[in-house]
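The values are calculated or read from the model by the stated rules, or taken from the named source; none is laboratory data. The model shown is predicted, which means the values in this text are computed figures rather than measured ones. Here the Cβ positions follow ideal geometry from the backbone for every residue, glycine too, while neighbour counts run over all protein chains shown.
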Amino acid sequence: MVQSELAADLEMRPMSVGSLIDKLAGHGLLERRRDAADRRINRIYLTPAGTEVAQTLDDFRERVAREVLDGIDEAAIASALATLGEIKTRLAVENSIRPNRSPLRPAADEPAESRA
């Protein structure tokens, strides 16, 4: 995966993801490797230690989700997720949110008066 793809998946700015990647690489959890087809591109890979941490986090997330959602009808969960997805889409459209831009932070190119 390349940094821009990760930023889009995480709904973060590429520059913020770059700082995060630097920190994770510094802890030995991931590494950058040159793309074989395009040497200008660095691909991001989990190291064995990063894979272990990711699995631990995924297991934790699964346990918490099971505990929190225990006893709630599957159809109700699906409906809630669909509703939240629709709300997210509407907010993005109504606020003209560009990809990788937080709805809580205005773009740098917006007039100062609209940032208040």
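What are the pairs with Cβ atoms under 9 angstrom where one residue, in segment 10-39, is under 17 Å from THR51 (Cβ atoms) and the other, located anywhere, is loosely packed, with under 12 Cβ neighbours inside 10 Å and of a type outside the set (Ser, Thr, Tyr)? Sequence gap at least six, or different chains.
These pairs meet every condition: LEU29/LYS23.
Quick one: in segment 35-50, which of the residues that are more than 17 Å from the chain's Cα centre (by Cα) and part of a helix (DSSP H, G or I) is surrounded by the most Cβ atoms within 10 Å (Cβ to Cβ)?
First pass over segment 35-50, keeping only residues more than 17 Å from the chain's Cα centre (by Cα): 35-42, 47-49.
Within this subset, residues satisfying the condition of being part of a helix (DSSP H, G or I) are 48-49.
On the way: PRO48: 9, ALA49: 12.
Applying the filter and picking the extreme gives ALA49.
Would you check if ALA25 is small (Gly, Ala, Ser), at pLDDT below 95 and surrounded by 13 or more Cβ atoms within 10 Å (Cβ to Cβ)?
Values: small (Gly, Ala, Ser): yes; at pLDDT below 95: no; surrounded by 13 or more Cβ atoms within 10 Å (Cβ to Cβ): yes.
Spelling it out, it is not the case that ALA25 is small (Gly, Ala, Ser), at pLDDT below 95 and surrounded by 13 or more Cβ atoms within 10 Å (Cβ to Cβ).
From the residues in segment 52-88 that are among the β-branched types (Val, Ile, Thr) and farther than 23 Å from LEU24 by Cβ, which one is surrounded by the most Cβ atoms within 10 Å (Cβ to Cβ)? Before the answer, list the steps.
Here is the first cut: in segment 52-88, the ones among the β-branched types (Val, Ile, Thr) are 53, 56, 64, 68, 72, 77, 83, 87.
Still in the list and also farther than 23 Å from LEU24 by Cβ: 68, 72, 77, 83, 87.
Numbers: VAL68: 9, ILE72: 10, ILE77: 12, THR83: 10, ILE87: 10.
It comes out as ILE77.
Looking at segment 77-98, can you tell me whether even one residue there is assigned to a helix (DSSP H, G or I), over 20 Å from the mean Cα position of the chain (by Cα) and charged (D, E, K, R)?
yes
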